[in-house]
Amino acid sequence: MSDAVPLTTDHPGQVASATPPAPGRSRRLSDRGLAVAFISPALLLLLAMSVFPLLWALYLSFTDYSATRGGPANFVGFGNYTAILASAQVHQRALTTLIYVVGAVVLQTVLGFGIAYLISRRTRGRGALTTLFLVPMMLSPVVVGLFWRFMLDAQFGVVNSMLGSLGLGQVEWLTRQRTALLSLIVVDTWQWTPFIMLIALAGLTAVPKYLYEAASIDRASEWFRFRTITLPLVWPLLLIAVMFRGIEAFRLFDLVYILTSGGPGVSTETLSFHVYKVAFLGFNTGTASAYGILMVLVVIVLTQLYLRYLNKLKEG
Amino acid sequence: MAVSVDEAVSTGPAPDHTPAARRLGGRGRSGLEVALLIVLAVVMLFPVLWMIETSIKDNRDVYAIPAKFFGFNVTMDHFRDVFVAPGGGRSALSVAFLNSVVVAGVSTLLATVLGVPAAWAYSRFSVRAKKDQLFFILSTRFMPPVVVVVPIFLMYRQVGLIDSKIGLILIYAAFNVPFTIWMMKGFVDEVPAEYEDAAMLDGYTRLQAFWRYTLPLLVPGIAATAVFALIFSWNEFVFAIFLTSSDDVRTAPPAIAGLIGGTTTDWGLVAAASVVFALPVLVFAYLVRKHLVAGVTLGAVRR
């Protein structure tokens, strides 16, 4: 592919002195070479670090290879896949993941859009308010997870302390089956509401003001204006944010790892976390690879939907 | 988000209504909205404030029941513990911070050096199946890290990159290249190609035109993009915890996470380490606040 053209292209003087049709041709050729030389290093890195590992995982997914046992990998066909798809454990993790993704994304969207709407109606202090609201999003999941773990601690956590001073009972947030998943959703919502807010705000501020002015001349009700002007214009951008968050939530791992480690029991084990357990605690590399490939397929479908939609939006 | 009622005149979403109209129309509701915003802001910021507060609290006050919001003993011991080991000398955490600086810095540099030219090429030239290539590039970024880490782990074990900074740098660079390309392509698109055409009419080659005319105009964009890449690598946890193990390679996120897990956890130290860890990110994020929308959507959404 690489022609190694760009580094040896002609000097300025030569181009200037050449006859008109010739430089056009040679320039086009060198453009081609330049494009290849500029793009291929980045693509090579991606091929080596993203595509190749996935292909390797694809290969391993058809074997019974184990990273610790070593030894030769025996071909087992689709055995790993059928085992995973038929496994009740996996079904349960899928359900947990679904509850988590839907719960967190819905909460974030409602809250994020609400905050953005409120901020967009303010005239003063918008910038400062936005900046303040964005802080949680910029923190590392490690910091967020650790800190909420401290705040939700059953004994000395500040959340229970506040509940206590309100005369309410103590809740074992992270150590009860029911509340653990809820806590996970709440923490993720806390961190990512600003994301939705930021994008919704970008959409809200882009709505042309004359539309509202026209509507208020017509004495349209506020709800009517919201429904017929604000929502339709912000919705495409909001959907982008929601899809983005959906993909991110689906592949989430670090927050679960820090906050609950999948516990208590398996109540907060998402698919990502389960893959980790199969791969690094169960050492069933083959099975884990098949599991991972299945997850990748889901992500690819979701990403395709997202990118298609993004593309449509950019062209439309 | 139902907007409750229809009020007399306009307190419409359009922000530049006359104060008079606002005062007449929805003073009460405007007040309610402000109150709601304040409550939400407090809820969103409380954990951050609580973290900062915990980091400067005396150990006794950290575990106080009920929690002490005010009137605690202020101490800087936790911050000292972050950097200084109990017996004197550098603490493991401070080494981890240094590793984080190196890994995040070098991987960002690598991603920038690889990504910016690629972005320029994608923006300027007609590349075969350009859209497909760009989408493919972005979709690699969405791969679940836990899934990718398994084959990467095996691959690194083969070539001896397990538990090495270079291994981390490579994977972070690969992680940031898609972002850099997408983000930078937007910036390059904003620079008219005519500048390069004009330079080439003056006798410069395409490469020289890029180097002398386009690149200087891209510097602010490159800076913003690099800052985001820096933040992503700085905050990254999954690859760091699975691909490194020794103290002199391990970056800050797994090191901080390693502070818990024993029978007792020194939450004051965790808080102080978290503050030290998060502070640069917040400063950097503030610097690139203009580009946040593009940054957090990996360059996909631009406004």
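Annotations
- The set of residues in the range A:37-89 that are among the small types (Gly, Ala, Ser), in contact (Cβ under 8 Å) with a residue 60 or more places away in the chain and not in a loop (DSSP other than H, G, I, E, B) comprises A:Ala57, A:Ala83.
- Candidate set: the range B:89-116, residues that are open to solvent by 30 Å² or more (accessible area, probe 1.4 Å) and more than 22 Å from the chain's Cα centre (by Cα); chosen: the one farthest from the other protein chains (Cβ to nearest Cβ): B:Gly89
- Whichever residue in the range A:206-219 is part of a helix (DSSP H, G or I) and facing another protein chain (nearest Cβ under 8 Å) and, among such residues, is surrounded by the fewest Cβ atoms within 10 Å (Cβ to Cβ): A:Ala206
- Any hit, the range A:149-159, residues being open to solvent by less than 60 Å² (accessible area, probe 1.4 Å), under 30 Å from B:Asp61 (Cβ atoms), outside any helix (DSSP H, G or I) and touching a helix residue (DSSP H, G or I) at 6+ places or on another chain (Cβ under 6 Å): yes
- Selection within the range B:224-249 - free of Cβ contacts under 8 Å to residues at least 40 places away in the same chain and either open to solvent by 10 Å² or more (accessible area, probe 1.4 Å) or of a type in the set (A, V, I, L, M) (or both): B:Ile241
- Lone unmet requirement of (1) of a type in the set (Val, Ile, Thr); (2) farther than 29 Å from B:Val238 by Cα; (3) buried (at least 21 other Cβ atoms within 10 Å of the Cβ) for B:Ile137: (2)
- Enumeration of residues in the range B:52-77 that are in a helix (DSSP H, G or I) and more than 13 Å from chain A (Cβ to nearest Cβ): B:Asp77
- Some residue of the range A:182-190 being part of a helix (DSSP H, G or I), open to solvent by less than 20 Å² (accessible area, probe 1.4 Å), more than 9 Å from chain B (Cβ to nearest Cβ) and out of contact with any Phe, Trp or Tyr (no Cβ under 9 Å at 6 or more places or on another chain): yes
- When residues in the range B:117-134 are screened for being of a type in the set (A, V, I, L, M), at the interface with chain A (Cβ under 7 Å from one of its Cβ atoms) and either part of a helix (DSSP H, G or I) or open to solvent by 50 Å² or more (accessible area, probe 1.4 Å) (or both), 2 of them pass.
- In this structure, A:Ser120 does not satisfy being open to solvent by 20 Å² or more (accessible area, probe 1.4 Å) and not hydrophobic (A, V, I, L, M, F, W, C).
- The residues of the range A:276-293 that are at pLDDT 90 or above and facing chain B (nearest Cβ under 9 Å), listed by number, are A:Tyr276, A:Ala288, A:Ser289, A:Tyr291, A:Gly292, A:Ile293.
- The range A:220-254, residues that are of a type in the set (Val, Ile, Thr) and touching a residue at least 24 places away in the same chain (Cβ under 8 Å): A:Thr230, A:Val234, A:Ile240, A:Val242, A:Ile247
- Any hit, the range B:250-259, residues being open to solvent by 30 Å² or more (accessible area, probe 1.4 Å), at pLDDT 90 or above and under 17 Å from the mean Cα position of the chain (by Cα): no
The values are calculated or read from the model by the stated rules, or taken from the named source; none is laboratory data. Note that the structure is predicted; figures quoted are calculated from it, not measured. All Cβ positions, glycine included, derive from the backbone under ideal geometry; neighbour counts span all protein chains shown. Accessible surface areas use protein heavy atoms only, side chains included; no ligands, DNA or RNA. Shrake-Rupley method; radii C 1.70, N 1.55, O 1.52, S 1.80 Å.
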